[in-house]
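The structure appears right after this line, and notes come after that.
The values are calculated or read from the model by the stated rules, or taken from the named source; none is laboratory data. All of these numbers come straight from a predicted model, not from anything done at the bench. Counting neighbours? That spans all protein chains shown, and the Cβs are built from the backbone with ideal geometry, glycine included. In case anyone asks, the SASA skips ligands and DNA or RNA and just uses the protein heavy atoms, side chains included. Shrake-Rupley method; radii C 1.70, N 1.55, O 1.52, S 1.80 Å.
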2 protein chains.
Amino acid sequence: MKKINTSPISGMQELLPRDQAIFDNIKNQITDVYHHHGFQHIETPVIDRTEILLAKAGGDTEKQIYKVFKTAETADDADQALRFDHTVPLARYVVEHENELTFPFKVTQFGRNFRGERAQKGRFREFYQLDIDVIGRGNLPLAYDAEVAATAVEALKTFITRDFVLRISNRKILAGLVEYLGLESQLTAISGIIDHAEKVPAKKTHECFEEEGIDAEKIKILEDFMKIAGPRAEVIEKLNALKIDNETFALGVNELDTVLGLLETQDFGPRAKVIGDMLIIRGLDYYTGTVFETFMPEYREIGSICSGGRYENLAGHYTDQKLPGVGISIGLTRLFFILNEYKLLENTENANPIDVAIIPISENEFKFALELSNTIREKGLSTDVVLTDKKLSDKMSYASKTANYGVVIGESEASGGEISIKNFATGEKSSLDQFLK
Amino acid sequence: MKKINTSPISGMQELLPRDQAIFDNIKNQITDVYHHHGFQHIETPVIDRTEILLAKAGGDTEKQIYKVFKTAETADDADQALRFDHTVPLARYVVEHENELTFPFKVTQFGRNFRGERAQKGRFREFYQLDIDVIGRGNLPLAYDAEVAATAVEALKTFITRDFVLRISNRKILAGLVEYLGLESQLTAISGIIDHAEKVPAKKTHECFEEEGIDAEKIKILEDFMKIAGPRAEVIEKLNALKIDNETFALGVNELDTVLGLLETQDFGPRAKVIGDMLIIRGLDYYTGTVFETFMPEYREIGSICSGGRYENLAGHYTDQKLPGVGISIGLTRLFFILNEYKLLENTENANPIDVAIIPISENEFKFALELSNTIREKGLSTDVVLTDKKLSDKMSYASKTANYGVVIGESEASGGEISIKNFATGEKSSLDQFLK
């Protein structure tokens, strides 16, 4: 009988071993792609100085941050809190170790971050983010925007089993257009309206523009602009056809052209598509150029499964050195939850976390079973020896719940007789020698 | 110029990419062994209810625990803190999910735990522990004590490059001896004296016993007992020769005999040794049977590099269900720091985190370089394309600092000419085709 509430705190994801194995598998596939694309792994402390974490934050972040303190404080304790993303500790890390790093610094971080959001289904307070970033010193070539997007596509391909589209824009394009229209002071409002356009009827979007006091002619231009989406050639042609005489606009179109151009040379296979798309804005203030989001067209309601972009200055609050960067993040805890809800995780229903269980019939076979387990392990298979003193049927039931294959070792097997291996899912038996070949 | 203190909080380990790669490699080797031995991975939240975390704690733990709170509290927020080890959250997990787990539950956890210790060199406030445990429901066969110890040895073999000895005892043996000597009330003191015996001269240990008011004859018996160490046959014979007529003692000797017996059937290779040793006590109160520690004889001052033992009841504070277990823990953050200090990490001085850097001479070769990078990645090698617009010598310098091999792509290579690959450590060049075979 329980004596105490043993559920995890609300908003925390806690998986059973089988789900954990699926989660780990996805996580490892993503981080393998990151590593294979030349991103170097670093880890920053989960606990950092509040002064660092909140240097440029405000609003929700400040409300949601977890502060930490010790019961017995010591003299060297600054005001401390848990990191809420990877970007802020990365900024601190790059400034702190600037002289020991090689730039452009291609870096990956994958770990848990913490936000005390209001608990609700599918929202987590402790969550994995799997990030890559490229940080330049002084400047950073645009080619890295394409490289980061390409890495994202390759990472998503390892576990997203449906079609998906990476949609790219460049913040300078809209900024230039708005400037050209003389609406600079309304850039934030207009960005917000476009960012929300896919979630509401076109009529509603139109009304929002009107409520901003924008005249009909300019609304028409904005609405035409918002419809521009497609492959590189088409998007660039349509943008040029708008004949917007503005330097920022031209620069943005040019950057988008370069990034899409580099991506178009790469073959991402039948399931992944990369397009330009003027509906992509990204809410976060600090993006200044390339921005992208990724959607599964069959499951639009899920929202973006991987987003990112270019920022002009990673660490402006900590240093005078200009550090431009481009990065993406996959929020795996939430994404795993959603893919599971939509039954979009690969069918692994019969897959147990362990490959082979060895079941010695009695203690007399322990020695042989332990030796055999080492032989099977050398083949790279995870192998559990069932060392309980229960009856054989109980041992078999245990084995079939944790492992995918079972090997029974009795007197005959232990003294040189043939050994067979059973596939628990199909019931099929075969020779262990054959199986291990 | 820095505008703010960007060092990590004191007591936090923050590695440069190259050291992080060595750390990750060790961590992966250990967790691979755990997995291959049939331990199922789970993760528990870093944040848990203080009521859970401190249910059986006291003393230092209570002082060192990190409490967490949000700036804006919500109604569902219980008193919360950061986990200080894996055992307490595991207890909660097993009780919470008891009906969905298969027992014995062979489980592994590897993640960061938090203790607000006073900052000092080699002590960390945020640290990785890599644990395995086997949890039984009601009872748990002794064979799992041997399996856990064997897994520890295999895990240590992957990264400990010197001789090491896993030393095993059983708490019941000393408890029975002390009972037999009529010194039950002094068990804790005597355990402490024996636990410290290796750190002080024999004379000092003798004096400590005297200070406890133990008479000379009994001290003699304790001192003889403490000297017992060696292979199974020798240790068991010497323990029996003490002729201690006590049930607990006999039970302890019998258990030790069984555990050592199972371990002696396994071949751990030339560097690893497993012995019985009466000096092993383990400070932690909750061990009740098998206890072990692991030392490198050439580096005794380092202390135990892997410790563990058997506990009678994992979750007595949370449930009436008896859940005996046996487990070990490798404290990797501290161990990595120490091995580094002692220069005992494998010589990886020339190893950069990335395998191959591809260096396109100009933007004209970007497309070819990106395609080539995918080909090399398919061979399982991490590959970085240097996309900067610097001059070739700068690109080469960058590549040689982050990657182990470099491939330069100019006009000739991009148009079908032969491609060579350079080993940055040796300066040797060879054909890329040959290299990839």
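Let me know the charge dipole size of the stretch B:220-267 about its Cα centre in debye, to the nearest 20, where only the beta-carbon of Lys, Arg (+1) and Asp, Glu (-1) is charged.
That gives a dipole near 180 debye.
Testing the spin-label approximation: label points 7 Å from Cα along Cα→Cβ at A:Ile4 and A:Glu247. State their distance in nm.
Here the answer is 6.6 nm between the modelled labels.
Can you work out ³J(HN,Hα) from phi for every residue in the stretch B:223-236, in order, using Karplus 6.51 cos²θ - 1.76 cosθ + 1.60 and θ = phi - 60°, giving whole Hz and x for Gly and Pro?
Result, ordered by residue: 5, 5, 4, 4, 7, 6, 7, x, x, 2, 4, 5, 5, 5 Hz.
Once phi is turned into ³J(HN,Hα) by the Karplus curve 6.51 cos²θ - 1.76 cosθ + 1.60 with θ = phi - 60°, what whole-Hz value does each residue of the stretch B:329-345 show in order, with x for glycine and proline?
9, 10, x, 6, 4, 5, 4, 4, 4, 5, 4, 5, 4, 8, 6, 9, 7
Just check the stretch A:1-132 against the gyration tensor rule for me: Cα atoms, a ≥ b ≥ c as the square roots of the eigenvalues, rounded for a/c under 1.5, and otherwise prolate or oblate depending on whether a/b exceeds b/c.
oblate
For A:Lys322, A:Lys27, A:Lys227, give me the order by solvent-accessible area with a 1.4 Å probe, most accessible first, ignoring ligands, DNA and RNA.
The ordering from most to least exposed comes out as A:Lys227, A:Lys322, A:Lys27.
Hey, can you grab everything whose amide H is under 5 Å from the amide H of B:Ile9? Only 5+ residues off in sequence or another chain; H modelled, so Pro and N-termini drop out.
It is A:Arg49, by chain and number.
A:Leu344: accessible area at probe 1.4 Å, nearest 10 Å²?
10
Can you list the residues of the stretch A:264-285 with backbone N under 17 Å from a point 7 Å past the Cα of A:Tyr342, pointing along Cα to Cβ?
A:271-274
Note down the accessible area of A:Tyr286, probe 1.4 Å, to the nearest 10 Å².
70
Between the stretch A:244-280 and the stretch A:294-328, how far is it from one alpha carbon centroid to the other, in angstrom?
First find each Cα centre; the distance between them is then 16 Å.
Give the span of the protein assembly as shown's Cα atoms along each principal axis, as three whole-Å numbers ordered largest to smallest.
103, 58, 52
Going down the table (B:Lys27/B:Lys67; A:Lys106/A:Lys157; B:Lys157/B:Lys343), which pairs top 19 Å between alpha carbons?
Too far apart for the 19 Å limit: B:Lys27/B:Lys67; A:Lys106/A:Lys157.
Given a 1.4 Å probe and heavy atoms of the protein chains only, how would you sort B:Arg377, A:Arg125, largest accessible area at the top?
Sorted descending by solvent-accessible area, the residues read B:Arg377, A:Arg125.
Please list, short to long, the whole-number percent of alpha-carbon pairs of the stretch A:241-390 in consecutive 5 angstrom bins beginning at zero.
Here the calculated profile for the stretch A:241-390 is 2, 7, 10, 12, 11, 10, 8, 7, 7, 6, 6, 5, 4, 2, 1, 1, 0, 0.
With unit charges on the beta carbons (Lys and Arg positive, Asp and Glu negative) and the dipole taken about the Cα centre of the stretch A:10-125, which residue among A:Ile47, A:Gln29, A:Phe69 sits farthest to the positive side?
Towards the positive end, the residue furthest out is A:Gln29.
Would you mind calculating the relative contact order of the stretch A:201-357 from Cα pairs under 8 angstrom and at least 6 residues apart, reporting the percent as a whole number?
Relative contact order, the stretch A:201-357: 14 percent.
Projected onto the charge dipole of the stretch A:131-249 (+1 at Lys/Arg Cβ, -1 at Asp/Glu Cβ, origin at the Cα centre), which of A:Val178, A:Leu142, A:Leu156 gives the Cα projection farthest towards the positive end?
Positive-most Cα among the choices belongs to A:Leu156.
Starting from the amide H of B:Gly276, placed 1.01 Å from N in the peptide plane, find each other amide H under 5 Å away whose residue is 5 or more places distant or on another chain.
Close amide H contacts, sequence-distant or interchain: B:Ile168, B:Gly230, B:Arg232.
Among the DSSP beta bridges whose two residues both lie in the stretch A:1-141, what percent are antiparallel, rounded to the nearest 5?
Beta bridges within the stretch A:1-141, antiparallel portion: roughly 85 percent.
Under a no-solvent Debye model with one identical scatterer per Cα of the stretch B:173-268, what's log10 I(q)/I(0) at q = 0.14, 0.16, 0.21, 0.24 Å⁻¹?
Values, matching the q order: -0.55, -0.71, -1.09, -1.30.
Can you give the relative contact order of chain A as a percent, counting alpha carbon pairs under 8 Å and 6+ residues apart?
Relative contact order for chain A comes out at 16 percent.
What total accessible area, in Å², is buried where chains A and B meet, using a 1.4 Å probe and rounding to the nearest 100?
9600
Please list the non-local residues whose amide H lies under 5 Å from the amide H of B:Gly289, H modeled 1.01 Å from N, same-chain partners needing a gap of 5 or more.
Under 5 Å from the amide H of B:Gly289: B:Arg171, B:Arg310.
Mean-square fluctuation check for chain B, GNM, Cα pairs under 10 Å: which of B:Ile42, B:Ile376, B:Ile236 is largest?
In this elastic network of chain B, the residue with the biggest mean-square fluctuation among B:Ile42, B:Ile376, B:Ile236 is B:Ile376.
Taking the Cα centre of the stretch B:84-164 as the origin, how large is its charge dipole in debye, to the nearest 20, when only Lys and Arg (+1) and Asp and Glu (-1) carry charge on their Cβ atoms?
Dipole size: approximately 520 debye.
Please report which chain A residue places its beta carbon nearest the axis carrying chain A onto chain B, with the distance rounded to a whole angstrom.
In chain A, the Cβ lying nearest the symmetry axis toward B is A:Val68, 2.
Using the Karplus curve 6.51 cos²θ - 1.76 cosθ + 1.60 with θ = phi - 60°, work out ³J(HN,Hα) for each residue of the stretch B:141-155 in order, rounded to whole Hz, and write x for Gly and Pro.
So the J values, rounded to whole Hz, are x, 5, 4, 5, 4, 5, 5, 5, 5, 5, 5, 4, 4, 4, 5.
Which sequence of A:Thr288, A:Thr188, A:Thr294, B:Thr87 reflects their accessible areas, 1.4 Å probe, from the largest down?
Putting A:Thr288, A:Thr188, A:Thr294, B:Thr87 in descending order of accessible area: A:Thr188, A:Thr288, B:Thr87, A:Thr294.
Just add up the charged neighbours of A:Thr188: K/R +1, D/E -1, any other residue whose Cβ is under 11 Å from the Cβ of A:Thr188.
-4
May I ask for the net charge around A:His317, where only other residues with Cβ less than 9 Å from the Cβ of A:His317 are counted and Lys, Arg are +1 while Asp, Glu are -1?
+2
Run the dipole for the stretch B:193-337 about the Cα centre, Lys and Arg Cβ at +1, Asp and Glu Cβ at -1, nothing else charged, and hand back the magnitude in debye, nearest 20.
500
Using a 1.4 angstrom probe and counting only protein chains, how large is the accessible area of A:Ile358 in Å², to 10?
Spelled out: A:Ile358, probe radius 1.4 Å, area about 0 Å².
Give me the Kirkwood hydrodynamic radius of chain A, using the inverse of the mean 1/r over all pairs of distinct Cα atoms, in Å to one decimal.
25.3
Provide an ascending nm list, one decimal, of label-point separations from A:Pro297 to the equivalent residue in each further copy; define each label point as 7 Å from Cα along Cα→Cβ.
Label-point separations across copies, in nm and ascending: 7.0.
Find out how many positive minus negative residues lie around A:Ile4, taking Lys and Arg as positive, Asp and Glu as negative, among other residues whose Cβ is under 10 Å from that of A:Ile4.
Residues close to A:Ile4 contribute a combined charge of +3.
Determine the relative contact order of the stretch A:313-434: mean sequence separation of Cα pairs under 8 Å and six or more apart, normalised by residue count, in whole percent.
For the stretch A:313-434, the relative contact order is 23 percent.
Please enumerate, by chain and number, the aspartates and glutamates with C-alpha under 15 Å from the C-alpha of A:Lys2, excluding those fewer than 8 residues away in the same chain.
B:Glu51, B:Glu96, B:Glu98, B:Asp320
Which residue, B:Lys157, B:Lys172, B:Lys203, has the most motion in a Gaussian network model of chain B that connects Cα atoms within less than 10 Å?
B:Lys203
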